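**Student:** Structure in structure tokens, see below.
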Amino acid sequence: MYILEKFYKALQLFVRTHVELDIDIKLPTMKHHINGHIRFYSTKDLENIVEKLVEDMTIVERCSWSSDYTSIWLKKEVWTSTVIKEILISGCKYGSNNEHQGTVVSISSDECNDSVTCLRIALLKEAVQNVAKINGYTIGSNGLNLLVSKKNNPYNSNLILCGNVVCNVTAKQYKQRKQEAITKMSANHIESDEYPIDIVSKLCHASIVYELLSVRHCKVINTECDTSNKDSGIFIMYNYSRLCQIWKAYEKGVIENYYEPLPDIGSVNFGLLTSKEEWILILNHLSVCPLVIQQSVKHLLSANINVHSLCKFLMEMSSAVSLFYHRHHILSDPISSLLPLMYARLYLVKSSIQVYENVFQLLGIEAVREM
């Protein structure tokens, strides 16, 4: 169990014990949590337990009560240190849990043709299998059989309905069109005339996955109506790549003896990460990732999935990374007074890279470290 879930359970138990009230805590990815606190709503007067809550829950710095909700501010240094340690110790397993251990499911799909709808079905099936496994499900033939299909059947309770994709070309032509657009878009970022085909292929796949899975699985997607010229899948990968380039530059500096190796995490002062951009990235995204993964297949046995929430998570995290990247200089000169902050930010970068890669794996996306 990760720190955010532990905190939620402890907070719910505290409120239930002291005022006999069950509370619904909103995830801090909601827009009204942009100030970096956790909020829960109640019409009951909770003013008399505010001080007690701060006393009993050592991770809480302060809290306040208004007429219908309570806001809680956390001790940032302790929270940040714990989250980053969880991510780096867990590595590629960060976000995994055993909640559904021992539950066997099989996930099949209709026979498909070369339509973009069938491409969506294939991507959805792969993502559901990946997310099911990281949540403890066993994929096998002797359990509940779930079917991913575009054919609605109200009598089949095991149906994961995949909405049609309105597109006037085949899947092959759709991929080719994506590849041409990405090659053209990427041409300004390279010096040579030929962009590496493997990178184009990975970016193309990332773009397709986001476009086809970012909408709730049962809803129709109309690719012909998108005239924005914005590619959210590329935006996500671009911000991931930014972090990778920072880490690569630091590692190069270590090899060239310009920087010292990253100190042990226990000696890093995460209290130096005081900016709004840093805290929002930590609280709203790195902390929340395991809960987003958990909730994406919480009701899988009733064929209710939320794979699109993983795409939303990546998009919101990338916006936070973009702000962090633009407003803060991460690599500094190797001056002793500047190094503590640089090390704290590098650990934040390293943790963010790991979270990106974990969610990429769930969605079947190959990471592109350099763009």
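The values are calculated or read from the model by the stated rules, or taken from the named source; none is laboratory data. Being a predicted model, the structure only gives us computed values, none of them experimental. Backbone-built Cβ (ideal geometry, glycine too); neighbour counts: all protein chains shown. Quick note on the areas: whole protein, heavy atoms, side chains included, nothing else; ligands and nucleic acids left out. Shrake-Rupley method; radii C 1.70, N 1.55, O 1.52, S 1.80 Å.
**Student:** Grab the Cα-Cα distance for residue 152 and residue 295, subtract it from 0.36 nm times how many residues apart they are, and report the gain in nm with one decimal. Intermediate values should be presented prior to the final figure.
**Tutor:** Working: separation 143, 0.36 × 143 = 51.48 nm, distance 2.41 nm.
Taking residue 152 through residue 295 to full extension adds about 49.1 nm, to one decimal.
**Student:** Between segment 125-144 and segment 161-176, what's the alpha-carbon centroid distance in Å?
**Tutor:** 26
**Student:** What are the ³J(HN,Hα) values, in whole Hz, obtained from phi via the Karplus relation 6.51 cos²θ - 1.76 cosθ + 1.60 with θ = phi - 60°, for each residue of segment 265-276 in sequence order, with x given for Gly and Pro?
**Tutor:** 4, x, 9, 8, 8, 6, x, 6, 7, 9, 6, 4
**Student:** Under the rule of -39500 (n - 2.57) per DSSP H run of 4 or more residues, summed and divided by the residues of the chain, what mean residue ellipticity at 222 nm is obtained, to the nearest 500 deg cm²/dmol? Walk me through the numbers on the way to the answer.
**Tutor:** Details: 11 runs with 173 residues, N = 371.
Result for the chain, helices only: -15500 deg cm²/dmol.
**Student:** Taking the mean number of other Cβ atoms within 10 Å as a proxy for protection, how do you rank 334-344, 196-206 from highest to lowest? Write out the running numbers ahead of the final one.
**Tutor:** Numbers: 334-344: 14.9, 196-206: 18.2.
Top to bottom by mean Cβ count within 10 Å: 196-206, 334-344.
**Student:** Here's a follow-up. Have a look at 156, 145, 284 and tell me which one the Gaussian network model of the chain (Cα, springs below 10 Å) gives the largest fluctuation.
**Tutor:** Comparing 156, 145, 284 in the GNM, the peak value goes to 156.
**Student:** Note down the relative contact order for the chain as a percent, whole number, built from C-alpha pairs under 8 angstrom at least six residues apart. If you can, show how the numbers build up before the last one.
**Tutor:** On the way: 530 pairs, mean separation 75.1, N = 371.
It comes to 20 percent, rounded to a whole number.
**Student:** Something else now. How much accessible area per residue does the chain have, counting only protein heavy atoms and a probe of 1.4 Å, in square angstrom?
**Tutor:** Numbers: 18360 Å² over 371 residues.
With all protein chains present, the chain gives 49 Å² per residue.
**Student:** Too long at a 25 Å Cα-Cα cut-off: which of 6/76; 85/133; 175/298; 76/202; 125/178?
**Tutor:** 175/298; 76/202
**Student:** To continue, here is another question. Dipole size in debye (nearest 20) for the chain around its Cα centre, Lys and Arg Cβ +1, Asp and Glu Cβ -1?
**Tutor:** Roughly 640 debye for the chain.
**Student:** Zone of residue 264 (label point 7 Å along Cα→Cβ, backbone N under 20 Å): which residues in segment 86-130?
**Tutor:** Residues 86-91 fall inside that zone.
**Student:** What relative contact order, as a whole-number percentage, does segment 229-371 give when Cα pairs under 8 Å and 6 or more residues apart are counted?
**Tutor:** Working: 109 pairs, mean separation 59.7, N = 143.
Relative contact order comes out at 42 percent.
**Student:** In segment 246-343, carbon and sulfur make up what percent of the accessible area (probe 1.4 Å)? Don't jump to the answer; show the numbers that get you there.
**Tutor:** Working: 2450 of 4410 Å².
About 56 percent, which is the carbon plus sulfur part of the accessible surface.
**Student:** Let me ask something else about it. Would you rank 177, 345, 216 by solvent-accessible area, highest first, keeping every protein chain in place and using a 1.4 Å probe?
**Tutor:** Of 177, 345, 216, the descending order of accessible area is 177, 216, 345.
**Student:** So how far, in whole Å, is the C-alpha centre of segment 238-306 from the one of segment 331-356?
**Tutor:** Each part's Cα centre sits 11 Å from the other's.
**Student:** Sort 2, 250 by heavy-atom solvent-accessible area, probe 1.4 angstrom, most to least.
**Tutor:** On the way: 2 35, 250 5 Å².
Output order, biggest surface exposure first: 2, 250.
**Student:** Nearest-5 percent of antiparallel DSSP beta bridges in the chain?
**Tutor:** Values: 11 of 23 bridges.
Taking every DSSP beta bridge within the chain, about 50 percent pair in antiparallel fashion.
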